[in-house]
Every structure is written in C-alpha cells, then in structure tokens.
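The values are calculated or read from the model by the stated rules, or taken from the named source; none is laboratory data. A quick note: this is a predicted structure, and the numbers were derived from the prediction, not measured. Methodologically, a virtual Cβ is constructed for each residue, glycine included, from the backbone with ideal geometry; neighbour enumeration extends over all protein chains shown. Note: areas computed on protein heavy atoms with side chains; ligands, DNA, RNA excluded. Shrake-Rupley method; radii C 1.70, N 1.55, O 1.52, S 1.80 Å.
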Amino acid sequence: MRAHAAHARTRSSDGRGWRRTMAELGEADEAELQRLVAAEQQKAQFTAQVHHFMELCWDKCVEKPGNRLDSRTENCLSSCVDRFIDTTLAITSRFAQIVQKGGQ
C-alpha cells in the first residue's frame, strides 16, 4: 500500500503540505484503510474491556491498598482473572459456533 499510496499523494496548492482525498483512494487502498480502522477499533474495545475488568477485580478484591498484597488479595485477584479469561474464552467459542452455523 505504501508504494501505491505515495504516488497518489498531491501537494496542496497553498503549500500547506501533502494531502489525500478519499476520492484518490483506489479500491484496494480503501479496503486496507477500512481493515486498519476496524483493527484499531477492536484494539480500543479490548483495552476498554481490560480496564473495566481490572476495576471490577480491584473493587472486589482489594480492601486496603498498600505496598504489598496479602495472600487473600492475591488469591482473589488470581481467581478473578481466571474467571474473566474462562468467560472470555467461552463467549468467543460460542460466537465462533454461531458464525460457523450462519455460514453453512
């Protein structure tokens, strides 16, 4: 995409720099751009889920923040993480089954 994209760039007439309009994008470039945007949206959604999950486990497990975690807090956090991972895997597996059935 980079080699092709470099040729499609134009210098603005007012000298402000390089710019590209959506009209200049070819179908392949447009599809690649959409793929990149979708990937970034998925990353952002995953990050938001992890932050939310961390807040839930923190609120559930940590009573008194300090320099060290006691064994009860460590076990609670570990269990919380394990449940999150198990749930995420189960949901992902279920969605994959649904998609597979829909494609048949």
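Numbers for the structure displayed
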{"read-out": "Residues being open to solvent by 70 Å² or more (accessible area, probe 1.4 Å) and either at pLDDT 90 or above or not in a helix (DSSP H, G or I) (or both) - total across the range 79-90", "value": "3"}
{"read-out": "Pairs, first under 17 Å from Met54 (Cα atoms) and free of Cβ contacts under 8 Å to residues at least 40 places away in the same chain in the range 82-103, second open to solvent by less than 80 Å² (accessible area, probe 1.4 Å) and part of a helix (DSSP H, G or I), C-beta under 8 Å, six or more apart", "value": "Phe84/Phe53; Phe84/Cys57"}
{"read-out": "Any hit, the range 69-78, residues being at pLDDT 90 or above, under 20 Å from Thr47 (Cα atoms) and out of contact with any helix residue (DSSP H, G or I) (no Cβ under 8 Å at 6 or more places or on another chain)", "value": "yes"}
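Yes/no matrix, rows are residues, columns are (1) among the charged types (D, E, K, R); (2) part of a helix (DSSP H, G or I); (3) farther than 30 Å from Thr92 by Cα; (4) open to solvent by 100 Å² or more (accessible area, probe 1.4 Å):
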| position | (1), (2), (3), (4) |
| --- | --- |
| Ala28 | no, yes, no, no |
| Gln34 | no, yes, no, yes |
| Gln41 | no, yes, no, yes |
| Phe46 | no, yes, no, yes |
| Met54 | no, yes, no, yes |
| Glu63 | yes, no, yes, yes |
| Asn67 | no, no, yes, yes |
